[in-house]
Amino acid sequence: MKKFFTGIVNHKKSIIAFFMLIFVACAVMGDFVAVNYDMNAYLPEDSHSTVSINVMEEEFDGGIPNVRVMISDVTIPEALKYKEKLESVEGVTSVTWLDDAADITVPLATLDTDTVETYYKDNTALYSIAVKESYIISGVDDIREIIGDDNAMTGSAVSTAVATENTVKEIQLIAVIAVIFVLIVLIFTTNSWVEPLIVLGGLGVAIVINNGTNLMFGEISFVTNAAGSILQLAVSLDYSVFLIHRFEECRRENPDAKGAMIDALCKSATSILSSGLTTVIGFLALVLMRFRIGPDLGLALAKGVAISLITVFVFMPALVLCTYKLLDKTRHKNLMPSFNGFGRFVQRIAIPMVCIFAVMVIPAYLASNSNSYYYGSSEIFGEETQLGSDTAAIEDKFGKNDTYVLLVPCGDTATETVLSNELHKLPQVTSIISYVDMAGAEIPMEYLDEDTLSQLVSENYSRMVIAVDVPYEGEETFTLVESIRDIANQYYPGEYYLAGSGVSTYDLMDTVTSDMLKVNLLAIGAVFIVLLITLHSISLPIILVLSIETAIWLNLSVPYFMDSTIFYIAYLIISSIQLGATVDYAILMTDRYKENRLSMGKKEAVINTVSGVTISILVSGSVLTTVGLLLGYISTNQLLAQLGIFIGRGAIFSLVIVLFVLPGLLYLFDRLVIGKKRHIA
């Protein structure tokens, strides 16, 4: 290890030049990384809805409806003209309205009321539109231009388009504020005016390299794009700060800058690597998720922390050695107060805090597992946004409707008729557009015009477009999906395909709930093993993991006690993120306590440990809290906002437990913590 570090300090200029080359290349590459804003695209490839969508795209030109458009104050002829305009939009593959479900040449009063009011009510028309994925942004913009701001549109394609346009601006704003905050924090917690710039420079290089190398994935999810960089900033910040402080300590003993840097690298390698490794493993646990946003986020975050570690051990030593004279010239007085008084305060309340902790563990765990959830994207934008208000307007007029598409093998019109009749019996089904519903089983296919027939029958399948009076997700929706699948399977066992927003959300719910246990167990188990190896203790990993897991349970119990519904994806992801990002605080506290116990008693060790590590923990914790809350309160995407709130609030809970509870646990279990090392009684 020393030989490796010696090589680094002896080639500092070459290393800086090499990293600058990579930095420029990755800055360019980052612009080519595509971002996917569609959650359903991350369902497992073998999920029923994903397979169904693929089959439908192969068999039919008209896709799955992903936009609902409501136009007010229109007559039937005017509504038909709007339909023609909507059909002419580039990327629109189909527009479904009342004329597809019924004969509108006869008086509407003679038609089935449920069918009519699915598409037309109180001189207001509601269209179901399918837009190709590659045309979502331009298609949604063109549709908005046709209908104007006074009319409404909603659906997964609209949600994707809005998220695409808004998220980039919001993340840029969050990044600017976060960097300014980090700069202020570093100014107050370091002893040189230049040191914050050096630390941010090193972090900036690592973040840009990580963003650029995301090109290897082809595309990344909107969650990764939004949270990746700011999380890398928050969790990697203390690595560089710790190395620079070690370097300053070593220079007091060794005036030779190169020798001092080698000593600093050797002394800090174990603690930084163990801290970074637990973070990487915590993030890698997300790779086990079948819902592919997990692997997408986990790989990007783990790669980011790994790149940050490489940067700290290779680039930062070279950068510091080239700028240490400037560091010396810009020294200033310590701007932070002494935390000795805080250490004595924590020591006095340590045992009561452990008692409170013990009482809260089980209720926090139970509450964290009793939340209500959203599984899909239907609630991502609140009513304060245009999409949210449009959605509310459509639901107020037509209800929380959705459109499913069912494919069955073609050729047996008698069975199709029976199937259609069974589906019509479901109270939530308001209309069905299919060959047997439009023409009847007794009318030969050649009597239908080619355009109509091509939308209903392909070479291999007959298509049924089913309008349902249920929201995009919820218990009623999931029960209906199961009922339609059961009925279809009764007549076409293993040969049918069902797709739609509600169907995808059902599969999403089924997928992510099955991910929860294995992801958490792997994260906890992997971090436990790393701690076991690095701390050479069985009891310490139990204490540390239990401390952070309790902070996670407390974080996730808040929505339960506030009676609020949360996004299951945010709930699933935060467990690994909070464990990986904040277990470092517990490791730092424990390492310093063990070190202090070699020269002082238990009480003094607690006081000195808390006094010595509080600034370091607060720097990292405050940054993680701030970037999380910034994401939470700036993002209009409610999934990202909720994830941000979880990150920020989770960091606060972890800080509280590490600073106020963990010292008491170390004090009480001192014998297990110290082991057989010599220590002061």
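Quick grid of which residues meet (1) over 28 Å from T190 (Cα atoms); (2) open to solvent by 40 Å² or more (accessible area, probe 1.4 Å); (3) free of Cβ contacts under 8 Å to residues at least 24 places away in the same chain; (4) not polar (S, T, N, Q):
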site	(1), (2), (3), (4)
N608	no, yes, no, no
G621	no, no, no, yes
F646	yes, no, no, yes
L659	no, no, no, yes
L662	no, no, no, yes
L666	yes, no, no, yes
I674	yes, no, no, yes
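What do you reckon, is L624 touching a helix residue (DSSP H, G or I) at 6+ places or on another chain (Cβ under 6 Å) and closer than 24 Å to F339 by Cα? Let's see the steps before the verdict.
Working: touching a helix residue (DSSP H, G or I) at 6+ places or on another chain (Cβ under 6 Å): yes; closer than 24 Å to F339 by Cα: yes.
Taking the combined requirement at face value, the residue satisfies it.
Among the residues of the range 232-257, count how many are open to solvent by less than 10 Å² (accessible area, probe 1.4 Å), farther than 22 Å from I209 by Cα and modelled with pLDDT under 85. Final tally of qualifying residues: 0. Against the list (1) touching a residue at least 24 places away in the same chain (Cβ under 8 Å); (2) open to solvent by 10 Å² or more (accessible area, probe 1.4 Å), the condition N596 fails is (1).
Considered as a group, the residues in the range 623-644 that are open to solvent by less than 10 Å² (accessible area, probe 1.4 Å) and among the β-branched types (V, I, T) include one that is farthest from L598 (Cα to Cα), and that residue is V627.
Residue-by-condition table, conditions (1) of a type in the set (V, I, T); (2) open to solvent by 10 Å² or more (accessible area, probe 1.4 Å); (3) assigned to a helix (DSSP H, G or I); (4) touching a residue at least 40 places away in the same chain (Cβ under 8 Å):
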{"position": "S483", "(1), (2), (3), (4)": "no, yes, yes, yes"}
{"position": "M509", "(1), (2), (3), (4)": "no, yes, yes, yes"}
{"position": "L517", "(1), (2), (3), (4)": "no, yes, yes, no"}
{"position": "L522", "(1), (2), (3), (4)": "no, yes, yes, yes"}
{"position": "G525", "(1), (2), (3), (4)": "no, yes, yes, no"}
{"position": "L531", "(1), (2), (3), (4)": "no, no, yes, yes"}
{"position": "A551", "(1), (2), (3), (4)": "no, no, yes, yes"}
{"position": "P559", "(1), (2), (3), (4)": "no, no, yes, yes"}
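Taking the criterion of being under 15 Å from the mean Cα position of the chain (by Cα) and among the β-branched types (V, I, T), the residues of the range 554-595 that qualify are I566, I569, I573, I574, I577. Of all residues in the range 288-309, those satisfying the criterion of being hydrophobic (A, V, I, L, M, F, W, C) and not in a loop (DSSP other than H, G, I, E, B) are L288, I293, L297, L299, A300, L301, A302, V305, A306, I307, L309. Of the numbered criteria (1) in a helix (DSSP H, G or I); (2) touching a residue at least 60 places away in the same chain (Cβ under 8 Å), the one S537 fails is (1).
Answer with yes or no whether A350 is more than 30 Å from K602 (Cα to Cα) and aliphatic (A, V, I, L, M).
No, not satisfied.
The set of residues in the range 56-95 being closer than 17 Å to S501 by Cβ and of a type outside the set (V, I, T) consists of M56, E57, G62, G63, P65, N66, R68, M70, S94. Scanning the range 277-299 for residues that are surrounded by 21 or more Cβ atoms within 10 Å (Cβ to Cβ), within 12 Å of I573 (Cβ to Cβ) and either out of contact with any Asp or Glu (no Cβ under 7 Å at 6 or more places or on another chain) or free of Cβ contacts under 8 Å to residues at least 24 places away in the same chain (or both) turns up G282, F283, A285, L286, I293, D296, L297, G298. One residue stands out among those in the range 35-80 that are in a strand (DSSP E or B) and at pLDDT below 90: the one that is surrounded by the fewest Cβ atoms within 10 Å (Cβ to Cβ), which is V35.
Tell me yes or no: at least one residue of the range 317-326 is free of Cβ contacts under 8 Å to residues at least 12 places away in the same chain, open to solvent by 30 Å² or more (accessible area, probe 1.4 Å) and more than 25 Å from A34 (Cβ to Cβ). Checked the range 317-326: at least one residue is free of Cβ contacts under 8 Å to residues at least 12 places away in the same chain, open to solvent by 30 Å² or more (accessible area, probe 1.4 Å) and more than 25 Å from A34 (Cβ to Cβ).
Candidates in the range 209-219 are the residues that are open to solvent by 10 Å² or more (accessible area, probe 1.4 Å) and in contact with a strand residue (DSSP E or B) (Cβ under 8 Å, 6 or more places away or on another chain); of these, the one that is farthest from T636 (Cα to Cα) is G218. Counting residues in the range 195-208 that are open to solvent by 10 Å² or more (accessible area, probe 1.4 Å) and over 24 Å from L327 (Cβ atoms) gives zero. If you go through the range 310-328 one residue at a time, do you hit one that is out of contact with any helix residue (DSSP H, G or I) (no Cβ under 7 Å at 6 or more places or on another chain) and either more than 30 Å from S14 (Cβ to Cβ) or not in a helix (DSSP H, G or I) (or both)? No: zero hits. I'd like to verify a number: residues in the range 80-115 that are farther than 26 Å from V436 by Cβ and either of a type in the set (A, V, I, L, M) or in contact with a Leu (Cβ under 6 Å, 6 or more places away or on another chain) (or both), how many? Number of matching residues: 3.
Consider the range 345-396 and keep the residues that are of a type in the set (F, W, Y), under 18 Å from Y568 (Cβ atoms) and not in a loop (DSSP other than H, G, I, E, B). The one that is least open to solvent (accessible area, probe 1.4 Å) is Y373.
The values are calculated or read from the model by the stated rules, or taken from the named source; none is laboratory data. Just so it is clear, the structure is predicted and the values come from calculations on it, not from any experiment. Don't worry about glycine lacking a Cβ; one is built from the backbone with ideal geometry, like all the others, and counts go over all protein chains shown. The area values use the complete protein model at the heavy-atom level, side chains included, leaving out ligands, DNA and RNA. Shrake-Rupley method; radii C 1.70, N 1.55, O 1.52, S 1.80 Å.
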